[in-house]
Amino acid sequence: MNEQPDVVVVGAGPAGLAAAATLGRHGADVLVVDEQQRPGGQIYRQPPAGFTRPGRQAKAGRALLAEAESTPNVRWLPDSTAWGVFGTRAGLDDYAGPAPGPGRIRVGVHTPDGGRVLEPSALVLTAGAYDLPVPFPGWTLPGVLTAGGVQTFVKAQGLLPGHRFVLAGGHPLLLVVAAQLVDAGARVVEVAFSQHPRVLLPGPRDLLAAFGSAGKLAEGAAALRTLRRARVPIRFGTVIRSAHGDDALDSVNMSRVDSGGVLMPGTERIVGCDVLALGYGFVPSTELARQAGCAVDWRPGEGGWVVAHDAWMRTSVPGVSVAGELTGVAGAEQAEVEGRLAAYGTLQALGLLDADRASALARPVRRVLARRRRFAAAVLSRFAPAPATLGALVTDETVLCRCEEVRAGDIRQALAEHPHLGTANAVKLVTRAGMGLCQGRSCAPAVCGLIAAQTGRTPEQVGTFTAQPPVKPVPLDALAAAERHA
Ligand SMILES: Cc1cc2nc3c(=O)[nH]c(=O)nc-3n(C[C@H](O)[C@H](O)[C@H](O)COP(=O)(O)OP(=O)(O)OC[C@H]3O[C@@H](n4cnc5c(N)ncnc54)[C@H](O)[C@@H]3O)c2cc1C
């Protein structure tokens, strides 16, 4: 195997595992980079070695993990962060950018042994998604977490980050996480959905969409049974208005919303809890793809900005493919089949698979993909957060950018003082929102939504923050390695 791989896959979730296994089986040298210690991604997250009781989801991923781990030609770089993609269009050292093309891709990686620069012929980005952050008064208090974050405590470490849990938001993940908490011995005080119950009533098209996705429906039904047995109340048409506590969360103020998502006066109630887990949906991790120069599309029903691709999952940048949640949030099963398609496309580009054979192999995969897409679209259209609700929760005092401590009022004031401001990047330059350690991951949706609401511009006109390297915090040593390599 060459020291530099043919293909770098960033992300070892369902999409990355399927891509790596398929690429390796057809003779490509593959290096999988993932910041977790063990492969599996979010849903198939494996507990640390030595933990003896993996959960149901960890077990569900074992077949795919075994397939990838037993495939020849697949190497692993765990505990390693890909922090930048260069050479495709723009980078630290070639901002004007030579013509893009395979062979020019460089990926900056921070590993436990220091910084490295990988130079593959092709790159498959499968970096997944993260929880959609939703600001409201008190959301920065210790004890206010995302549902995915709470789940990570339970799945990765077998830990409960508190005693009394309220789960709120609008995504079906809330049911799964609540059931996992109950199974782990937690007290779940309440699960609150912002939607009204009639959103759950299936229509004929939904029944068609459910065909072939029995596994997901069974997972939801099992979670509901667990919650019913534990007598956990599940409320609809209910949102968190504010979180309270001196040094840490001790209660939340909940309120009812009408069927249009508008807060109903006089319906507030205080609920005691020390953890609030929020699950409003997911945002695709498009940072590395955007840094590479890949075109993106605005698809609010699929998480916001998603990476544009063709039928072989190839992006607008030669040599760079995508699969999984960064093509639109749609679940693990779709991620896996997209990973296989991305591999077939990449194998053709590398000359390891001819077009006829690739088309024949892809045919059954495309049929599964069509079914998964129908199911994902039916679920997502029901559980999309209502903009009316989310926008109404923020006051002028609410911090939107936690890294730089920029409040909603600061952004409103900047827009009022500088009427020409209208894009995310312009507002970032004036207010510093999005300039901190997280590079805007936790504030971009709220800041961009506020700019659009305030200026009357469309989300496409507002855009999002430029994805600057490093996309995640890494030591200076990682950047120095890239400098030495240049
Ligand atoms: C927190 C969370 C919890 C979820 N829980 C559930 C659930 O209970 N049930 C369910 O059905 N769905 C769940 N989902 C959705 C589900 O995980 C996804 O649909 C599925 O995992 C998508 O697969 P993927 O391969 O696209 O991405 P992921 O599984 O998210 O895998 C992406 C991988 O990329 C790695 N990565 C990202 N950026 C970098 C980088 N810069 N450098 C190196 N590695 C990187 C991550 O560590 C991760 O391992 C959850 C999603 C999230 C975000």
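The values are calculated or read from the model by the stated rules, or taken from the named source; none is laboratory data. Given the structure is predicted, the values throughout are model-derived calculations rather than measurements. Ideal geometry is used to build each Cβ from the backbone, glycine not excepted, and the neighbour counts take in all protein chains shown. Heads up: the accessible areas ignore ligands, DNA and RNA and are worked out on the full protein's heavy atoms, side chains in. Shrake-Rupley method; radii C 1.70, N 1.55, O 1.52, S 1.80 Å.
Out of everything in segment 27-86 that is basic (K, R) and modelled with pLDDT under 95, what residue ends up being nearest to the ligand (Cβ to nearest atom)? Give the derivation first.
Filtering segment 27-86 for residues basic (K, R) gives 38, 45, 53, 56, 59, 62, 75.
Of the ones still in play, those that are also modelled with pLDDT under 95 are 38, 45, 53, 56, 59, 62.
Working: R38: 9, R45: 8, R53: 17, R56: 10, K59: 13, R62: 15 Å.
This residue is R45.
Return the total of residues in segment 222-271 being out of contact with any His (no Cβ under 7 Å at 6 or more places or on another chain) and open to solvent by 40 Å² or more (accessible area, probe 1.4 Å).
Residues meeting the conditions: 24.
Could you list, in sequence order, the residues of segment 116-142 that are out of contact with any Ser or Thr (no Cβ under 8 Å at 6 or more places or on another chain) and acidic (D, E)?
E119
Read through the list (1) more than 16 Å from the ligand (Cβ to nearest atom); (2) touching a residue at least 24 places away in the same chain (Cβ under 8 Å); (3) part of a loop (DSSP other than H, G, I, E, B), then give the number of the only condition that P265 fails.
Condition not satisfied by P265: (2).
Please work out if A358 is away from the ligand (no atom under 16 Å from the Cβ) and under 24 Å from H171 (Cα atoms). So that I can check it myself, show each step before the final result.
Numbers: away from the ligand (no atom under 16 Å from the Cβ): yes; under 24 Å from H171 (Cα atoms): no.
In short, no.
Conditions first: (1) more than 16 Å from the ligand (Cβ to nearest atom); (2) open to solvent by less than 20 Å² (accessible area, probe 1.4 Å); (3) not assigned by TED's automatic domain parsing to the domain that holds H171. P300 passes all but one, so which condition is the exception?
Of the numbered conditions (1) more than 16 Å from the ligand (Cβ to nearest atom); (2) open to solvent by less than 20 Å² (accessible area, probe 1.4 Å); (3) not assigned by TED's automatic domain parsing to the domain that holds H171, the odd one out for P300 is (2).
With respect to the numbered conditions (1) over 23 Å from the mean Cα position of the chain (by Cα); (2) open to solvent by 40 Å² or more (accessible area, probe 1.4 Å); (3) within 16 Å of the ligand (Cβ to nearest atom), which one is the sole condition not fulfilled by F153?
So F153 meets the others, but not (1).
Residues V283, V365, V307, V317: which one is among the aliphatic types (A, V, I, L, M), surrounded by fewer than 24 Cβ atoms within 10 Å (Cβ to Cβ) and in contact with a Cys (Cβ under 6 Å, 6 or more places away or on another chain)?
On the way: V283 fails: in contact with a Cys (Cβ under 6 Å, 6 or more places away or on another chain); V365 fails: in contact with a Cys (Cβ under 6 Å, 6 or more places away or on another chain); V307 fails: surrounded by fewer than 24 Cβ atoms within 10 Å (Cβ to Cβ).
Among V283, V365, V307, V317, only V317 is among the aliphatic types (A, V, I, L, M), surrounded by fewer than 24 Cβ atoms within 10 Å (Cβ to Cβ) and in contact with a Cys (Cβ under 6 Å, 6 or more places away or on another chain).
Yes/no matrix, rows are residues, columns are (1) touching a residue at least 60 places away in the same chain (Cβ under 8 Å); (2) surrounded by fewer than 19 Cβ atoms within 10 Å (Cβ to Cβ); (3) in a loop (DSSP other than H, G, I, E, B):
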site	(1), (2), (3)
L415	no, no, no
A426	no, yes, no
Q439	yes, no, yes
S442	yes, no, yes
C448	no, no, no
T464	yes, no, yes
